[in-house]
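**Student:** Below is one structure. I have some questions about it.
The values are calculated or read from the model by the stated rules, or taken from the named source; none is laboratory data. Bear in mind that the values here come from a model prediction, so they are computed numbers and not experimental data. Ideal geometry is used to build each Cβ from the backbone, glycine not excepted, and the neighbour counts take in all protein chains shown. Accessible surface areas use protein heavy atoms only, side chains included; no ligands, DNA or RNA. Shrake-Rupley method; radii C 1.70, N 1.55, O 1.52, S 1.80 Å.
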Amino acid sequence: MAWVKAKCIKHFLPLALLTAITLALVWPDPGTEIGSWKVGSFKVVQTFNVCTIFFVSGMSLKTQEIKEALRAYPAMIYGFVAILGLTPLVGFLPLEIPFQPKEFRVGLAIFCCVPTTLTSGVTLATQAKANTVLALMLTVGTNLLGIVTVPFMMGLVLNGADVSLDALDLLFKLGLTIFLPLAVGKVFRDSVAAVPPFMMANKVLMGFVNNGSLAFVVFQVASRSADSITSVPADRIFPVIAAGVCLHGIYFAFNGVVTEGLQRAGLISWKERKAVWLLTSQKTLPVSMTILTYLSEEDVGNHGLIAVPMIVGHLSQLFIDAYIAGKWAEMDEKANKSASQSAPKPVDDVQMKKSELFDNPNFDTDTLNGDDADFDANAAKFDTNAAAISAAFNTNAAKYEANPVPASNAEVV
């Protein structure tokens, strides 16, 4: 029972996502009703879920960890460039694949444009024994800067995909629902003394809150589009799953080559490389779903169908990278164990002869191997030996001064 509980906690996010999708397709009415509640252009419950995710993330940010991560600036620079500038360009590829319906193409393209994962990336970096502080900094930094870059990258990628996108409006909404809750959470952590110990003591609970909020967003989106999703034949779903896996494979291979070059050049360490490699190869589902909720279905297509490749892409990278992170941890553990076994062992029970110290009849070797029960007797012997050593040293020094060793006959010992 304990084993099952541990596995459920460890894999809560994929289990929650699969449950949300299944429930939405089987019983879509509750999710459809909840998702219809609006205030202006904002869906009330979805907006609350998104704000909760980033508020909790803000309360988890440690100022000291951010400062430490800034020291690994070569890894930071490449991470930012790859996550926000290079990997989004891969979004042009799915638009050329003749998926039907077209929403599958749009979904994969949007997924390519978003920053790195919010929670799973840092978790996997920890599992892989990578530089978790660097992973956290890449997560926070790219998701904050992505509020500005993502709308315009999406506009560039989707320009030829018969999709209408208001980048400035999307920028405003992302700032309101991502940056603002994140900033409030960070200020709350720094100004209320009880927050840091609470977050430390309730890491698992806060993880449930974040991942549960994300799953509830997926539930609402999938419920509204249940009819459209179930109407798509299975033979059209499988290519999308394959495309999601291949997409992650492209990211992982490319970033693996670049980070290996950086490591060989001595710019980053292996721990830093693992963190950058993982984070630059992943994309965030929460931001993808947040963006999707702010796009009009008249402009981009059915939200439920667009969400399918996003969820598939997220799950594929989650399972693949979890396996890789575990293997990296095993490799490091074996390497450390091998290094400790090959290291020279300390010499125990060293036995020294009288002649190896000084050829002096007053030197009592019993002190080295004697019985420690009588402390006073041993102390007296020690004083005697110390005096003998001092006398021998003075005698040898006097001999050396009288007969110095010629430089030509000196030996280095």
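**Student:** Which of (1) aliphatic (A, V, I, L, M); (2) crowded, with 19+ Cβ neighbours inside 10 Å; (3) assigned to a loop (DSSP other than H, G, I, E, B) is the odd one out, the single condition Ile97 does not satisfy?
**Tutor:** All conditions are met except number (2).
**Student:** For residues that are among the hydrophobic types (A, V, I, L, M, F, W, C) and in contact with a helix residue (DSSP H, G or I) (Cβ under 7 Å, 6 or more places away or on another chain), scanning just the range 290-302, find the one that is surrounded by the most Cβ atoms within 10 Å (Cβ to Cβ).
**Tutor:** Filtering first and then ranking leaves Ile291.
**Student:** Quick test of your reading of the structure: Thr230 fulfils all but one of (1) open to solvent by 30 Å² or more (accessible area, probe 1.4 Å); (2) under 18 Å from Val106 (Cβ atoms). Name the failing condition by number.
**Tutor:** Tallying (1) open to solvent by 30 Å² or more (accessible area, probe 1.4 Å); (2) under 18 Å from Val106 (Cβ atoms), Thr230 fails exactly one: (2).
**Student:** Same structure, new question: What pairs come out if I take residues in the range 56-78 that are more than 29 Å from Val258 (Cβ to Cβ) and pair them with residues that are basic (Lys, Arg) and open to solvent by 20 Å² or more (accessible area, probe 1.4 Å) whose C-beta lies under 6 Å away, six or more apart or interchain?
**Tutor:** Close Cβ pairs satisfying both conditions: Gly58/Lys186; Met59/Arg189.
**Student:** Still on this model: Tell me which of these Gly85 doesn't satisfy, since it passes every other one: (1) exposed (fewer than 13 other Cβ atoms within 10 Å of the Cβ); (2) more than 24 Å from Val150 (Cα to Cα); (3) not aliphatic (A, V, I, L, M).
**Tutor:** Answer for Gly85: the failing condition is (2).
**Student:** Could I ask something else about it? Residues to consider are Gly58, Gly35; find the one that is open to solvent by less than 70 Å² (accessible area, probe 1.4 Å), touching a Lys or Arg at 6+ places or on another chain (Cβ under 8 Å) and more than 28 Å from Val187 (Cα to Cα).
**Tutor:** Testing whether each residue is open to solvent by less than 70 Å² (accessible area, probe 1.4 Å), touching a Lys or Arg at 6+ places or on another chain (Cβ under 8 Å) and more than 28 Å from Val187 (Cα to Cα) leaves just Gly35.
**Student:** Of the residues Val106, Val122, only one is over 27 Å from Ala325 (Cα atoms), part of a helix (DSSP H, G or I) and not small (Gly, Ala, Ser); which?
**Tutor:** Checking each option against the conditions leaves just Val106.
**Student:** Something else about it: Condition check: surrounded by fewer than 19 Cβ atoms within 10 Å (Cβ to Cβ), at pLDDT 85 or above and under 16 Å from Leu61 (Cα atoms). Does Ala201 satisfy that?
**Tutor:** Spelling it out, Ala201 is indeed surrounded by fewer than 19 Cβ atoms within 10 Å (Cβ to Cβ), at pLDDT 85 or above and under 16 Å from Leu61 (Cα atoms).
**Student:** Could you identify the single residue in Val245, Val287 that is out of contact with any Phe, Trp or Tyr (no Cβ under 6 Å at 6 or more places or on another chain), outside any loop (DSSP other than H, G, I, E, B), touching a residue at least 24 places away in the same chain (Cβ under 8 Å) and surrounded by fewer than 18 Cβ atoms within 10 Å (Cβ to Cβ)?
**Tutor:** Val245
**Student:** Also, quick follow-up: Could you pull out the residue among Val240, Val187 that is part of a helix (DSSP H, G or I) and more than 25 Å from the chain's Cα centre (by Cα)?
**Tutor:** The conditions single out Val240.
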